[in-house]
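**Q** My questions all concern the structure below.
The values are calculated or read from the model by the stated rules, or taken from the named source; none is laboratory data. As the structure is a computational prediction, the values presented were derived from the model and not from experiment. Counting neighbours? That spans all protein chains shown, and the Cβs are built from the backbone with ideal geometry, glycine included.
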Amino acid sequence: MSKYIAVTGAVGAGATTLVNFIAEKWKAETLLEGQIEALNPFFQGAQHDPHRWSFASQAHFLAASARRHDDLRQILACTEKPIVLEDRTPFEHTGVYANSAHRLGHILQDEFRVLTELSRVIERSYLVPALLVYREMTDDQLIERVAVRGRQGESTDFARLKSVHDAFKDFISNWQRSPVVRIGHDWDLFSTEGQQRTIDVLSAHLGKPTLRDTFEHPLK
């Protein structure tokens, strides 16, 4: 069976760009999250009125991640490629986002307890990635990138974004399910040096890449 690798990072960190880079270099299959603002009917409501809609939004993410995990199993069973990449880990819906919303008071204690209990049940069926690749980011990069990409419905509230970023750092620090590779915030994937540093650290886990050409995918 192919090796399952998860790539993640806080909002605006460039996890999808990193997935595209790895997929191109190692000829890997990808399972991408897509435009969550369109796929989650509660997402925009949670951005504008978080106290009312955050619980519903997180519950939807849990259900959607379970369905997507079925897709992951199907891809792993059918693909001939050696690596399958996912641009999020299903464990972070509660471990990061619901946790952050709870810290901010957008999700009540009883609501958070329900989400946590649901997560524990659902996560028993999840495949654990053989490797978790984490794209680091500074707070300054967070503000700049979210403002630049300007996704519809995505909050530009720095306090909320920083809360998610902080929750991500805690999540990664406490992750014990599989090895973690950190891709530095200053590793520019569009520079020769940044690409080589990324290749060097990943090669120890994935083997040497099959493609040596320059990576030119647009930033996402």
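**Q** Answer yes or no as to whether Pro82 is out of contact with any Leu (no Cβ under 7 Å at 6 or more places or on another chain), touching a residue at least 60 places away in the same chain (Cβ under 8 Å) and either within 21 Å of Thr16 (Cα to Cα) or acidic (Asp, Glu) (or both). Quick ask: steps written out before the conclusion?
**A** Values: out of contact with any Leu (no Cβ under 7 Å at 6 or more places or on another chain): yes; touching a residue at least 60 places away in the same chain (Cβ under 8 Å): yes; either within 21 Å of Thr16 (Cα to Cα) or acidic (Asp, Glu) (or both): yes.
Considered against the rule, which asks whether it is out of contact with any Leu (no Cβ under 7 Å at 6 or more places or on another chain), touching a residue at least 60 places away in the same chain (Cβ under 8 Å) and either within 21 Å of Thr16 (Cα to Cα) or acidic (Asp, Glu) (or both), Pro82 comes out as yes.
**Q** Residues Ser203, Ser178: which one is in a loop (DSSP other than H, G, I, E, B), closer than 22 Å to Val128 by Cα, of a type in the set (S, T, N, Q) and at pLDDT 95 or above? Walk me through how you get there before you give the answer.
**A** Values: Ser203 fails: in a loop (DSSP other than H, G, I, E, B).
From the options Ser203, Ser178, the qualifying one is Ser178.
**Q** Test Ser125 against the stated conditions and say whether it is modelled with pLDDT under 95 and either part of a loop (DSSP other than H, G, I, E, B) or in contact with a Gly (Cβ under 6 Å, 6 or more places away or on another chain) (or both). Before you say what the answer is, go through the steps one by one.
**A** On the way: modelled with pLDDT under 95: yes; either part of a loop (DSSP other than H, G, I, E, B) or in contact with a Gly (Cβ under 6 Å, 6 or more places away or on another chain) (or both): yes.
Yes: the conditions hold for Ser125.
**Q** Can you find even one residue in region 93-111 that is more than 19 Å from the chain's Cα centre (by Cα), β-branched (Val, Ile, Thr), within 14 Å of Phe55 (Cα to Cα) and surrounded by 15 or more Cβ atoms within 10 Å (Cβ to Cβ)?
**A** yes
**Q** Has region 42-51 got any residue that is at negative phi, touching a Leu at 6+ places or on another chain (Cβ under 6 Å) and crowded, with 23+ Cβ neighbours inside 10 Å?
**A** Step one: list which residues in region 42-51 are at negative phi, which gives 42-51.
Checking which are touching a Leu at 6+ places or on another chain (Cβ under 6 Å) leaves us with none.
No, because not a single residue in region 42-51 is at negative phi, touching a Leu at 6+ places or on another chain (Cβ under 6 Å) and crowded, with 23+ Cβ neighbours inside 10 Å.
**Q** Only one of Phe21, Phe43 is in contact (Cβ under 8 Å) with a residue 12 or more places away in the chain and farther than 15 Å from His93 by Cα. Can you tell me which? Walk me through how you get there before you give the answer.
**A** On the way: Phe43 fails: farther than 15 Å from His93 by Cα.
Being in contact (Cβ under 8 Å) with a residue 12 or more places away in the chain and farther than 15 Å from His93 by Cα holds for just one of Phe21, Phe43, which is Phe21.
**Q** Further question: So in region 59-84, with the set limited to residues that are of a type outside the set (Gly, Ala, Ser) and under 18 Å from Gln35 (Cβ atoms), which one is surrounded by the most Cβ atoms within 10 Å (Cβ to Cβ)? Please lay out each step first, then the result.
**A** Restricting attention to region 59-84, the residues satisfying the condition of being of a type outside the set (Gly, Ala, Ser) are 60-62, 67-76, 78-84.
Within this subset, residues satisfying the condition of being under 18 Å from Gln35 (Cβ atoms) are 60-61, 67-68, 71.
On the way: His60: 19, Phe61: 25, Arg67: 8, Arg68: 19, Asp71: 11.
Result: Phe61.
**Q** Now a separate question. So which helices (runs of 4 or more DSSP H) are wholly in region 1-66 and hold at least 1 residues that are more than 25 Å from Thr79 (Cα to Cα) and either aromatic (Phe, Trp, Tyr) or modelled with pLDDT under 95 (or both)? Talk me through it step by step, then tell me what you get.
**A** Details: elements: 15-26, 36-39, 43-48.
It comes to 36-39, 43-48.
**Q** Looking only at region 83-111, count every residue that is touching a strand residue (DSSP E or B) at 6+ places or on another chain (Cβ under 8 Å), part of a loop (DSSP other than H, G, I, E, B) and modelled with pLDDT of 95 or more and tell me the total.
**A** 0
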